[in-house]
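Worksheet: one structure, shown below.
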Amino acid sequence: MITAGSSGHTRGAGRVTTALVAAIVLLACLTACGGEGSDSGDDPAAPDYSARLNGPDTAEPGTVVDLSLSNVGRLRDSYQLTVSPDENGIVKPRHLTIEPGGNAKVAVKVEQTPLTVKVESVGAGPDLDELTIK
C-alpha cells in the first residue's frame, strides 16, 4: 500500500524530472547542431552554393554601409562583389571566401543612390544575390 509521502509519490516526480531533462538535452542538441533557424551548411536539402546579402536598403551619399554576406550553401565558396552602376559606390572587400554557415562583413562607400551590390559565386555563377540601396 502506498501512503502519502511514500516512494510512490516521488516516482511520479522522477518521471517528470526525467522528461524535463530529456527535453532540455534535445533542445541543446538542436541548437548546437544547427537546428531550425540556423544558416549552417549541414542541411542536406540546401543547395551546394548559395549566399545571402543582408544590410540596410537606404543610405545617404558619402556614408559607409556595413553589409553581411552569409554562405547558406552546403559547400565552401568564393565570392566576387560588384556595385552597379560602378560610379555609385565602392565595395570592400571585392573578393572573399566563406565556409558553409559562415559570414563576412562587407563595407560599401555610397557615392550616389540608388546602387545595387551584386554577389557572384565561383560555384553558382552570377546573380547569386543582390541588395539595392536607395
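For every residue, the table says whether it meets (1) farther than 17 Å from Pro61 by Cα; (2) buried (at least 16 other Cβ atoms within 10 Å of the Cβ).
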position: Gly89; (1), (2): no, yes
position: Lys92; (1), (2): no, no
position: Asn103; (1), (2): yes, yes
position: Gln112; (1), (2): no, no
position: Leu115; (1), (2): no, yes
position: Ser121; (1), (2): yes, yes
position: Pro126; (1), (2): yes, no
position: Leu131; (1), (2): no, yes
position: Lys134; (1), (2): no, no
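Look at Thr58 and say whether it is among the β-branched types (Val, Ile, Thr), out of contact with any Cys (no Cβ under 7 Å at 6 or more places or on another chain), in contact (Cβ under 8 Å) with a residue 60 or more places away in the chain and more than 10 Å from Val119 (Cα to Cα).
yes
Can you name every residue in segment 52-83 that is in a strand (DSSP E or B) and surrounded by fewer than 16 Cβ atoms within 10 Å (Cβ to Cβ)?
Those that are in a strand (DSSP E or B) and surrounded by fewer than 16 Cβ atoms within 10 Å (Cβ to Cβ): Asn54, Val64, Asp66, Ser68, Ser78, Thr82.
Each reported figure results from applying straightforward, stated rules to the coordinates on display, with no laboratory input. Since the model is a prediction, treat every value here as computed from it, not as a measurement. Glycine gets a Cβ as well: all are built from the backbone with ideal geometry, and neighbour counts include every protein chain shown.
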